[in-house]
Each structure stands twice: as C-alpha cells, then as structure tokens.
Ligand SMILES: Nc1ncnc2c1ncn2[C@@H]1O[C@H](COP(=O)(O)OP(=O)(O)OP(=O)(O)O)[C@@H](O)[C@H]1O
Ligand SMILES: [Mg+2]
C-alpha cells in the first residue's frame, strides 16, 4: 500500500514537471511568434514594421520626378527609379536596367559625366536621342559595408535653363534697345538730309540731259542703299520705342486667315502653296495684342517665303493642347531648313544670312512671344525644311 502511494506521488510530480516544461515551451513559442511577427511587419514598440517601412521607402523613391539610379562597378545600371525611366523617355524599368550608363549620358568633352562622386551639370540622352540638361549629384554607394558603385540623383533643369536663357536674352535685349535708340537718333537726321539731296540730284534736268547711264545707275544704288539704312533705323527705333501689349480675347484662326489673305498674292507669285491646316479646327481663343501677333505672323510668313525662292509648300497649323493649356502654332516650310549652327544664333538681334536682311525679324518675334507668355522653338520639319513652333496660352474656359 505504501509502495502504491509512493508511485502515485512520483507520477504526480512528473506530471507537474511536464506541465511546467510545456508552459515554458508555450511561453517560448509565444516569444518566438512575436519576434517573427515583428520581423514580418507586425507591431514594433516605438516604430513601424519592416514591411511597412520598406513600402514607405519605395513610395518615396518612386513618387519623385527626379531620377535616382545606381551604376554598378561594371558601369551598368543596377537600379533606376521610375523618375529616371520616364526622364530618359522609356516606359518600363526593364528598358533601362543592366544597360551601360553611357547609353544615357552625353559624352561631350566639356561636360562632366556620372561615375564620379560630386555635383555637376550634364546632358541626359533620351530614347529618341533628345538631350536634356540635368544636374547630377553622385555619391559612392556602399551596402552592408561593401562598395556597390555610384548612386546618382538626377534633376531635369531644362526649365531652369530656359528661364536663365530668357533672362539673359531680355537683359541683352534691353541693352540693345538702349543702344539702338542712341544710334538711330544719330543716323536718322543726316540720312534724311542725304536722301532728300539724292532725290534732288536725280531729278536734276542737267544730269538727266547728260543721259549718263552710269551716273544714273550710281544714284539708283545710293538711293536703294540709303532706303535700306532707313529701314534698319526704323526697326531699331521701333525696338526701342516698343509699346506694352494691349491684351484682348481673339480668335487665332481668324487672325491667321487675315495674314494668309494678305500674303496670298506674294505666295502665288513665289510659287508657294499654302496649306491652311488651322482652318480644319474650331476657333482658338487666346488673349493677345492683335497688332503684335500680326507682326509676329508676318515675320514668320516672310521668313518661309524667303527660304523658298524657287517655290514650295508652307503649312500653317494651330493645334489647341487643352492638357497643357496652350495652343501650338506650327509654320512648316520646304526650304533648306535651319542648321544647328544657325539655330544657336537665330534669335540674336542683327543675325542674318540674307544679303538684304536686317536680322531683326525673329528677335522681334521672340520679344512679342515673351510678352504673351509663350515660347518659340525650332524643330526639323518632316519634309526637311524649317519647322517653327509658337506656343501661346489658351483662354481657360
Ligand atoms: N524658315 C526659315 N528657313 C530657313 N532659315 C530661316 C528661316 N527663318 C529664319 N531663318 C534664318 O534665320 C535668320 C534670321 O531670321 P530673321 O527673321 O531674324 O532675320 P532675316 O529674315 O534674316 O532678316 P529680316 O527678318 O530682318 O528681314 C535668317 O537670316 C535665316 O538664316
Ligand atoms: Mg526675317
């Protein structure tokens, strides 16, 4: 009996021991489960879960329009955010990853290129070979203590560059306007005296009687040249006495029609066919100074005509772009086009390639477009000639 009692109490003690062991194991399991939950993104005292933190970092990296890319030790793109993908003109990351970084950056001698830590301006070459001015900030990239290449932050600075250029141009313009005022004032009076005397001498019977053709020819030349100087002086003083624009709502298509009609005899005589593409759209409402826009279109029509002395085709279009709030005016001709060299200087006052040009036409156009908060661009025309684009803000409905 005593033996039976001892056996029972021994088993009870063992049961207690096992129960305690099981409770300890349950406690350990709970602790492990908690640790696992924390690792998987569960509640963490004083911070977010790992998964949540990761997805937040990913969102930060993907929500910026700036480009973020890593170039590995072999000079290949090992990481790129969608900002970089879009900036480079692609749609998916696969089109960018694992490609040599030199596919995306200009190797211009004077421009710096990524691959070195530091901050510098360079050019991003997009999928369609357009070059975009960018600002790069690069640092060496280490992960878990190991060098993994160069991490670059890339900012599109095309807008800033355009503003800097516009500012430099308007400063140059103001200085030129000031100078023009002085020069035109000095030339105008002696020139008109000279012209009057030339006319007098030309109409002089004695010289007519001599019938000296050579002399007459020389007077003719002097008169033509004096007229040319007078035209230059007039455009110089117009530039200096430029009046502020008087903005009124108007329909661009009607205005283009007026200018087209005005040019009709000239175009016909010059063998230039005019395609009024704008007439196929609805009226386009803009707020503008009518007189200044006529001056702008007249200059562009003249340039196109002068570029096609043997005849050709001029397409004029006005396409509203509601998404950007602008209308895109296009003047496309079939002349020789505008070379990259000429394009660089085309807006400079007095830059001309024409023997009788003043080189003021486009400088005035640029001024008018700036006054209307628009933009002027020169593209390559599909038919090989010049393709001039004027952007103007639309009246918002
Ligand atoms: N449609 C075009 N096709 C080819 N070249 C062009 C065209 N428009 C302008 N250019 C070039 O740009 C230069 C500057 O043009 P801009 O209108 O400012 O002056 P211009 O036409 O030479 O002289 P102006 O307008 O004073 O008579 C031109 O001399 C020409 O070389
Ligand atoms: Mg011109």
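What to note about this one:
- Counted over the chain, the DSSP beta bridges are approximately 90% antiparallel.
- Per residue Cα convex hull volume in Å³ - calculated over the chain: 260 Å³
- Overall size of region 322-397 from C-alpha positions, given as principal axis extents largest first: 46, 28, 18 Å.
- Average projection area in nm² (convex hull over Cα atoms of region 248-393, one quarter of hull surface): 8.4 nm²
- Expected 222 nm ellipticity per residue - DSSP helices of 4 or more, -39500 (n - 2.57), all of the chain, to 500: -16500 deg cm²/dmol
- The residue 30 and residue 56 beta-carbon pair, evaluated with R₀ = 25 Å, returns a calculated FRET efficiency of approximately 0.30.
- Listing 262, 69 from fewest to most neighbouring C-beta atoms within 10 Å gives 262, 69.
- Counting neighbouring beta carbons within 10 Å and listing from fewest to most, the residues 21, 323 come out as 323, 21.
- Taking the Cα atoms of region 163-297, the ratio Rg/Rh between the radius of gyration and the Kirkwood radius comes to 1.13.
- The ranking of 141, 57, 105 from fewest to most other beta carbons within 10 Å of each one's beta carbon is 57, 141, 105.
- Dividing the mean sequence gap of close Cα pairs (under 8 Å, 6+ apart) by how many residues the chain holds gives a relative contact order of 8 percent.
- Computed over region 66-156, the ratio Rg/Rh where both radii use C-alpha atoms and Rh is Kirkwood: 0.94
Rule-based calculations on the coordinates, nothing more; no lab input. Small disclaimer: the values here were computed from a predicted structure and weren't measured. FYI the Cβ positions are ideal-geometry reconstructions off the backbone, even for glycines, and counts take in every protein chain you see.
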